[in-house]
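Worksheet for the structure shown next.
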Amino acid sequence: MPRKKKSEKENGQDLQKIAAIREMIANAERTIVSARAMLSQLEGKPMKRSTPKVSSDEEGEIVEGVFDGQVMMGTDGKQYPVPANYASKSKLVEGDMLKLTITPDGSFVYKQIGPVERKRLIGIVSQDDLGNYVVLAEGKAYRVLLASVTYFKAEPADEVTVVVPRDSESVWGAIENLVKKGGAEGFDSENFGKEEDSEEEKDEKIIKSTEDKLGQDGKLESDFIDEWTPELEKLREEASKPAV
């Protein structure tokens, strides 16, 4: 039997399905490359070198890779610097897939082609022992780019929204918004994440503080001052009387 000729509508639907499948394959390939790059980085092994994709001479050389929080780890095993201003304004996070175009004149042009799933946290800006800026959120310190801190004019103790990977642990985060200036006045980064004392513990501290100030007969130091003040006045009066 001769095959039934498809209508234009059916042909259009088939083309849409083909385009959708191609996009699925491309996304899967980008995910695999990203996962391999992240795994190689964690294992401390050099990534398998591959020939970078090269387009026409007019466009330049193209290399894909994974953003690690500061640089792009290329699929060719090399590290490529990512401008801090671009990373902070684009709110790049660890694991994002990037495409780098190296133009004939040597310029680097980046494009985000495979962003990882994200989650947002609210945290407090602080600085570590080395002076690096971090955002303390949910008991963890996420490093953030200085350019991002400068862009939002954030300072220690400010409250900010930070973007991090949703499904993986990360060292770096990206500041998305400044929530509140000085939102944590008197914030103590050294005790961040520690539970506050319970009411019973607070009462015990008050009792202990009071005991430290008690004298041998159980009186407070302030009681001794109040008790001796009248006696001192009497002694002064006696001393001021003329001798008989």
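At-a-glance table
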item: Search result, residues across the stretch 120-157 that are on the phi < 0 side of the Ramachandran plot, part of a loop (DSSP other than H, G, I, E, B) and either out of contact with any helix residue (DSSP H, G or I) (no Cβ under 9 Å at 6 or more places or on another chain) or among the basic types (K, R) (or both); result: D129, L130
item: Test: residue in the stretch 73-83 that is part of a strand (DSSP E or B), closer than 19 Å to I175 by Cα, of a type in the set (V, I, T) and not assigned by TED's automatic domain parsing to the domain that holds N177; result: no
item: Evaluation of I207 against (1) among the aliphatic types (A, V, I, L, M); (2) modelled with pLDDT of 95 or more; (3) loosely packed, with under 13 Cβ neighbours inside 10 Å (one fails), failing number; result: (2)
item: The lone exception for K153 - which of (1) loosely packed, with under 13 Cβ neighbours inside 10 Å; (2) at pLDDT 95 or above it fails; result: (2)
item: Filter pass, E94 being acidic (D, E) and more than 22 Å from I62 (Cα to Cα); result: no
item: Subset of the stretch 84-106 (residues that are touching a residue at least 40 places away in the same chain (Cβ under 8 Å), surrounded by fewer than 17 Cβ atoms within 10 Å (Cβ to Cβ) and not in a helix (DSSP H, G or I)); result: T101, T103, P104
item: Given (1) farther than 15 Å from W172 by Cβ; (2) in contact with a Lys or Arg (Cβ under 9 Å, 6 or more places away or on another chain); (3) of a type outside the set (K, R); (4) modelled with pLDDT of 70 or more, index of the condition G69 fails; result: (1)
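The values are calculated or read from the model by the stated rules, or taken from the named source; none is laboratory data. Keep in mind that this is a model prediction, so the values were computed, not measured. Ideal geometry is used to build each Cβ from the backbone, glycine not excepted, and the neighbour counts take in all protein chains shown.
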